[in-house]
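Shown next, in structure tokens, is the structure this report addresses.
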Amino acid sequence: MSTQSIHPLKPEALRLPPGLPESPSCQRRHTLPASEFRCLTLEDAVSVFEIEREAFVSVSGLCPLYLDEIRHFLTLCPELSLGWFEEGRLVAFIIGSLWDKERLTQESLTLHRPGGHTAHLHVLAVHRTFRQQGRGSILLWRYLHHLGGQPAVRRAVLMCEDALVPFYESLGFHSVGPCDVTVGPLTFTELQCSLRAQAFLRRNSGC
């Protein structure tokens with residue numbers, strides 16, 4: 001991708017979305033946290049796949065990642081994943097990996113490039129019982145800040161169907177045109193987001 005097309009995440013997109021849970025220090029003690037965000041582990045793989053299969057197969061008949069691919073990325077780069085748990089139950093997640101080229105290619109669907117500076121977001125999915133509540137936006141906001149805490153990661157990139165472009169643009173992503181990747185009959189738009197804004201906030205937050 002041309003670096004001229006990289007747009008920093010807009011400050012207004014970095015405001016805490018409504019309904020974002022309190023920090024862990026404010027959560028209940030001696031019980032599972034009411035709401036927790038953490039990187040995924042191999043133990044979460046089956047729950048991840050069940051949510052993803054219901055979300056995607058029912059719509060397109062295809063999954064962005066199958067169970068062996070989920071385990072592959074959670075083994076190689078769990079730090080590029082983020083799960084949202086309610087009382088210990090996974091309700092939404094993002095899985096990513098590193099990529100080292102300007103644009104996504106078919107290879108980017110299955111590879112993790114440790115020397116890359118781009119986080120490729122493979123999939124974002126929300127459990128069916130928790131949809132239409134703004135959770136996807138909150139999780140993505142959290143994930144971008146999570147990436148902003150990793151100095152080697154300079155931008156995030158993803159591909160989506162046209163209907164989802166406004167959702168990602170509302171959170172600071174910028175369309176760079178049609179994606180070279182196709183999956184079966186599906187075609188996609190490629191979007192990217194600079195992580196410089198998160199790095200700036202991190203430096204000025206005292207964290």
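Sort through G88, G134 and tell me the only one that's over 15 Å from the mean Cα position of the chain (by Cα) and not charged (D, E, K, R).
Working: G134 fails: over 15 Å from the mean Cα position of the chain (by Cα).
None of the other options fit; the residue is G88.
Taking into account only those residues within the range 194-207 that are among the polar types (S, T, N, Q) and surrounded by 15 or more Cβ atoms within 10 Å (Cβ to Cβ), which is modelled with the highest pLDDT?
We begin by selecting, within the range 194-207, every residue among the polar types (S, T, N, Q); these are 194, 198, 204-205.
Within this subset, residues satisfying the condition of being surrounded by 15 or more Cβ atoms within 10 Å (Cβ to Cβ) are 194, 198.
Numbers: S194: 94, Q198: 52.
Looking at the filtered set, the residue picked out is S194.
Give the range 151-193 a look and list any residue that's modelled with pLDDT under 95, open to solvent by less than 20 Å² (accessible area, probe 1.4 Å) and not hydrophobic (A, V, I, L, M, F, W, C), or say none.
G172 - this is the single residue of the range 151-193 that is modelled with pLDDT under 95, open to solvent by less than 20 Å² (accessible area, probe 1.4 Å) and not hydrophobic (A, V, I, L, M, F, W, C).
Take the conditions of a type outside the set (V, I, T) and under 24 Å from T187 (Cβ atoms) and apply them to Q106. Does it pass? Give the steps one after another, and end with the answer.
On the way: of a type outside the set (V, I, T): yes; under 24 Å from T187 (Cβ atoms): yes.
Yes, satisfied.
For the range 64-100, how many residues are among the polar types (S, T, N, Q) and either at pLDDT below 95 or open to solvent by less than 10 Å² (accessible area, probe 1.4 Å) (or both)? If you could, list the steps in order and put the result at the bottom.
Going residue by residue through the range 64-100, those that are among the polar types (S, T, N, Q) are 75, 81, 97.
With the extra rule that they be either at pLDDT below 95 or open to solvent by less than 10 Å² (accessible area, probe 1.4 Å) (or both), the set shrinks to 81, 97.
Going through the range 64-100 one residue at a time, the tally reaches 2.
Rundown of residues vs (1) closer than 25 Å to E50 by Cα; (2) touching a helix residue (DSSP H, G or I) at 6+ places or on another chain (Cβ under 7 Å), yes/no style:
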residue	(1), (2)
R128	yes, yes
R131	yes, no
R135	yes, no
G148	no, yes
V153	no, yes
L164	yes, no
E169	no, no
V176	no, yes
V183	yes, no
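Of all residues in the range 76-127, which are among the polar types (S, T, N, Q) and either part of a strand (DSSP E or B) or touching a Phe, Trp or Tyr at 6+ places or on another chain (Cβ under 7 Å) (or both)?
Initial filter on the range 76-127 (among the polar types (S, T, N, Q)): 81, 97, 105-106, 108, 110, 118.
Result: S81, S97, S108, T118.
Restricting to the range 124-150, count the residues that are out of contact with any Gly (no Cβ under 7 Å at 6 or more places or on another chain) and open to solvent by 20 Å² or more (accessible area, probe 1.4 Å).
Result for the range 124-150: 15.
Quick one: in the range 17-37, of everything that is outside any loop (DSSP other than H, G, I, E, B) and modelled with pLDDT under 70, which residue is surrounded by the most Cβ atoms within 10 Å (Cβ to Cβ)? Reasoning before the result, please.
As a first pass, look at the range 17-37 and keep what is outside any loop (DSSP other than H, G, I, E, B): 24-26, 36-37.
Filter once more, keeping what is modelled with pLDDT under 70: 24-26.
Values: P24: 11, S25: 5, C26: 8.
Among those residues, the one meeting the criterion is P24.
Output the residues belonging to the range 38-62 that are crowded, with 19+ Cβ neighbours inside 10 Å and of a type outside the set (D, E).
First, the residues of the range 38-62 that are crowded, with 19+ Cβ neighbours inside 10 Å: 40, 44-45, 48-49, 51-52, 55.
Correct list: L40, A45, V48, F49, I51, A55.
The values are calculated or read from the model by the stated rules, or taken from the named source; none is laboratory data. This one's a predicted model, so the numbers in the text were calculated from it and none came from an experiment. Ideal geometry is used to build each Cβ from the backbone, glycine not excepted, and the neighbour counts take in all protein chains shown. To get the accessible areas, we keep the full protein, side chains included, count just its heavy atoms, and leave off ligands, DNA and RNA. Shrake-Rupley method; radii C 1.70, N 1.55, O 1.52, S 1.80 Å.
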